[in-house]
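Undergrad: One structure is given below, represented as structure tokens, and several questions about it will come after.
The values are calculated or read from the model by the stated rules, or taken from the named source; none is laboratory data. Keep in mind that what you see is a predicted model, and the values were worked out from it rather than measured. FYI the Cβ positions are ideal-geometry reconstructions off the backbone, even for glycines, and counts take in every protein chain you see. With ligands, DNA and RNA removed, areas are computed over all heavy atoms of the protein, side chains included. Shrake-Rupley method; radii C 1.70, N 1.55, O 1.52, S 1.80 Å.
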Amino acid sequence: MSTLVIKDLHVEIEGKQILKGVNLSINTSEIHAIMGPNGTGKSTLASAIMGHPKYEVTQGTIELDGEDVLAMEVDERARAGLFLAMQYPSEISGVTNADFMRSAMNARREEGNEVSLMKFIRELDSKMETLAMDQDMAQRYLNEGFSGGEKKRNEILQMMMIKPTFAVLDEIDSGLDIDALKVVSEGINQMKGENFGCLIITHYQRLLNYITPDHVHVMMQGRVVKSGGPELAHKLEAEGYDWIKAELGIEDETVGQEA
Amino acid sequence: MTVETKLTMTEQDVRSFSALHSEPEAFTDLRVQALAAAEALPLPKPDKTKIINWNFTDFPAHTVDSSTYESLNELPEQVKSIVDLEQKNLYIQHNNTPAYISLDKNLEQQGVILTDIQTAIREHSDLVAKYFMTEAVKAEEHKLTALHAALLNGGVFLYVPKNVVIEKPVQAVFLHDNEEASLFNHALIVADKSSSVTYVENYISTVPQAKGQANIVSEVFAEDNASVTYGAVDVLAEGFTTYVNRRGVAQRDARIEWALGMMNDSNTISDNTTFLIGDNSVGDTKTVVVGRGTQKQNFTTQVIHWGKNSDGQILKHGVMKDSASSIFNGIGKIEHGATKANAEQESRVLMLSPKARGDANPILLIDEDDVTAGHAASVGRVDPVQLYYLMSRGITKQEAERLVIHGFLAPVVNVLPIEGVKKQLTEVIERKVR
């Protein structure tokens with residue numbers, strides 16, 4: 001079993017403090033969901049875990065099986081087992097989706113032990129089928145000209161090919177229609193197992209109809225303010241966030257900026 | 001560097017060289033006149049690059065003798081790897097010596113001509129007289145075109161008759177392996193009405209240093225409804241002063257596409273101009289460049305629209321490292337009367353080091369109201385957010401940069417029609433950006 005432990009995490013972007021002490025612990029075989037209104041720091045947490053160059057951790061720790069994640073470069077974090085499905089994936093012209101994914105897989109292997117082309121193609125084809133993606137998307141340039149929905153599927157495709165230990169999915173459901181939401185959920189559900197842990201960041205309970213989380217957390221003002229089981233998500237769907245704000249005496253749940 | 005204004009070749013030298021190759025009198029006269037004009041004519045003035053102190057006139061020898069090849073097995077390995085050994089339509093020039101030539105028998109029977117330029121000057125003088133430096137490039141344009149006409153010492157001639165479609169690419173390889181050699185090469189490509197051909201040329205130096213001049217001119221003619229695809233990978237050694245002028249003339253419904261991989265290690269001035277003379281003609285130019293060391297380069301790409309409904313596309317992507325500097329001038333010119341013409345261009349420069357310099361300079365000159373035009377230009381570093389994205393998948397920073405750079409230069413690599421040449425360009429890029 002692997003564990004990702006986040007303690008007292010404080011993060012700034014361009015001098016402005018967004019996260020103000022996040023505590024969270026995720027084990028493999030668990031699915032966690034972080035919910036919360038806009039601007040409460042959910043995406044900042046995702047970016048800070050992966051090491052986005054614009055986000056500065058000013059206090060706290062992130063450890064993966066006791067290893068200091070914050071001391072690692074972005075690529076080292078990925079090779080250590082972390083994955084982030086991004087809300088706004090970059091477009092890279094001239095690099096085909098397939099070449100990129102093979103490079104990513106080979107980055108985890110020793111030289112001379114690269115994944116064979118045939119095996120790679122077979123696996124890619126089958127995962128693309130699961131996600132109902134056109135075969136030609138393998139040969140298209142990475143995310144270039146992809147629709148919003150295609151980009152989201154492509155993020156999940158990468159996750160399925162790379163098979164990380166922990167995946168953080170940053171608003172993977174936003175902008176997806178119901179059919180796309182179902183296939184993306186199917187992809188995520190296929191990953192479930194004792195060697196995989198997942199942190200799903202979402203505004204909406206809708207996604208959680210297809211993926212049942214073991215733990216649900218609510219973020220406000222740059223902190224996790226409430227945690228519970230799947231029933232918490234249902235309550236939020238039915239009653240909104242006001243009752244939590246009332247319970248905790250919070251007036252403005254945001255950290256003062258879209259994050 | 002001192003500038004030698006006195007030319008190293010005399011009229012007598014030019015006459016003897018012409019006589020040695022049994023050139024027709026008219027061609028000898030053309031050379032002699034061009035030589036006389038060269039002394040007084042000014043250098044070209046590529047926008048934003050000062051070349052007044054560049055040495056375009058000194059060279060140790062006008063011609064050097066090199067070996068010919070009986071079969072492709074005798075080719076040096078570096079050349080073998082870029083030639084498809086099944087290739088039937090092939091011209092190889094070894095420094096100044098036509099070293100190997102072959103043309104598919106069927107094409108020969110259909111009237112296709114593929115030969116070295118000296119043979120063409122002798123044996124196809126009517127075609128040469130019609131097209132050689134008359135319309136696309138003129139000898140009296142400036143000092144370098146005049147010198148080119150006077151000192152021409154190599155090149156290739158390709159003629160595709162009416163309605164002939166050549167399916168397989170025609171390849172020309174110019175091997176430079178003698179540092180004394182100078183290349184005054186001329187490629188003359190004529191695609192007659194409704195014909196179609198893909199021509200790919202390689203300039204390859206297998207010696208690290210050159211002492212001579214590379215003054216290269218290509219003229220491409222696409223007659224009505226003809227189509228010419230012109231691919232080139234230039235990898236000339238440091239030490240040359242390279243002037244390369246590739247121009248095309250497209251008539252009605254004709255199409256000229258360029259895919260130029262400009263990978264020289266020498267200082268280089270490049271002119272790539274397409275004249276869209278006929279209505280509905282199309283010019284598509286793609287150029288990729290890598291500059292390194294202290295290289296200075298200027299790439300001027302022009303598409304000039306005369307024809308109605310003509311379409312011109314310019315794409316230029318350059319990568320600059322070390323202290324290399326390059327100017328990318330893109331000029332879309334629409335003449336009066338070229339209604340419904342469309343001129344588009346995109347120039348992008350990627351800088352890999354703080355001392356590198358790159359300047360993208362898009363110019364639209366429009367003398368007609370009923371047209372469409374657009375341009376995009378950018379100069380910058382590798383986007384840190386792109387690197388973050390690639391690295392977040394476990395790819396190292398170095399490999400991520402490599403992917404972004406290769407992707408950036410892919411527009412030309414991907415359209416080259418010969419597998420060996422594609423691979424060669426990829427490897428040259430790899431070597432140059434490392």
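Undergrad: For the range A:78-94, name all the residues that are assigned to a helix (DSSP H, G or I) and either on the phi > 0 side of the Ramachandran plot or more than 8 Å from chain B (Cβ to nearest Cβ) (or both).
TA: Passing the criteria: only A:80.
Undergrad: Of everything in the range B:375-434, what is within 13 Å of chain A (Cβ to nearest Cβ), outside any helix (DSSP H, G or I) and within 22 Å of the chain's Cα centre (by Cα)? Give them in sequence order.
TA: The answer is B:414, B:415.
Undergrad: Criterion first (over 18 Å from the mean Cα position of the chain (by Cα) and not in a strand (DSSP E or B)) does residue A:226 satisfy it?
TA: So residue A:226 fails the test.
Undergrad: Going through the range B:105-126 one residue at a time, which ones are surrounded by fewer than 18 Cβ atoms within 10 Å (Cβ to Cβ) and either within 18 Å of residue B:418 (Cα to Cα) or within 23 Å of the chain's Cα centre (by Cα) (or both)?
TA: Of everything in the range B:105-126, just one residue is surrounded by fewer than 18 Cβ atoms within 10 Å (Cβ to Cβ) and either within 18 Å of residue B:418 (Cα to Cα) or within 23 Å of the chain's Cα centre (by Cα) (or both), namely B:119.
Undergrad: Taking the stated definitions as given, is residue A:56 farther than 30 Å from residue B:409 by Cβ, without any contact (Cβ under 8 Å) to a residue 60 or more places away in the chain and either surrounded by 23 or more Cβ atoms within 10 Å (Cβ to Cβ) or of a type in the set (Asp, Glu) (or both)?
TA: When the stated conditions are applied, residue A:56 passes them.
Undergrad: Hey, can you tell me all the residues within the range B:346-362 that are more than 13 Å from chain A (Cβ to nearest Cβ), free of Cβ contacts under 8 Å to residues at least 40 places away in the same chain and either part of a strand (DSSP E or B) or within 26 Å of residue B:303 (Cβ to Cβ) (or both)?
TA: Passing the criteria: B:347, B:349, B:351, B:357, B:362.
Undergrad: Being surrounded by 15 or more Cβ atoms within 10 Å (Cβ to Cβ) and in contact with a helix residue (DSSP H, G or I) (Cβ under 6 Å, 6 or more places away or on another chain): is that true of residue B:79 here?
TA: Judged against the criteria, residue B:79 is not a match.
Undergrad: While we're on this one: For residue A:71, all conditions in the list (1) modelled with pLDDT of 95 or more; (2) within 14 Å of chain B (Cβ to nearest Cβ); (3) open to solvent by 10 Å² or more (accessible area, probe 1.4 Å) hold save one; what is the number of the exception?
TA: Answer for residue A:71: the failing condition is (2).
Undergrad: Here's another thing I want to ask about it. So, in the range A:95-107, of the ones that are surrounded by fewer than 20 Cβ atoms within 10 Å (Cβ to Cβ) and either without any contact (Cβ under 8 Å) to a residue 24 or more places away in the chain or within 18 Å of the chain's Cα centre (by Cα) (or both), which residue ends up farthest from the other protein chains (Cβ to nearest Cβ)?
TA: Within the range A:95-107, the match that is farthest from the other protein chains (Cβ to nearest Cβ) is A:102.
Undergrad: Here is a follow-up. Given the structure, is residue B:187 over 24 Å from residue B:287 (Cβ atoms), in contact (Cβ under 8 Å) with a residue 24 or more places away in the chain and either aliphatic (A, V, I, L, M) or part of a strand (DSSP E or B) (or both)?
TA: So residue B:187 fails the test.
Undergrad: Let me ask something additional. Provide a single number: the residues in the range A:73-97 that are in contact with a Lys or Arg (Cβ under 9 Å, 6 or more places away or on another chain) and more than 30 Å from residue A:38 (Cβ to Cβ).
TA: Number satisfying all stated conditions: 5.
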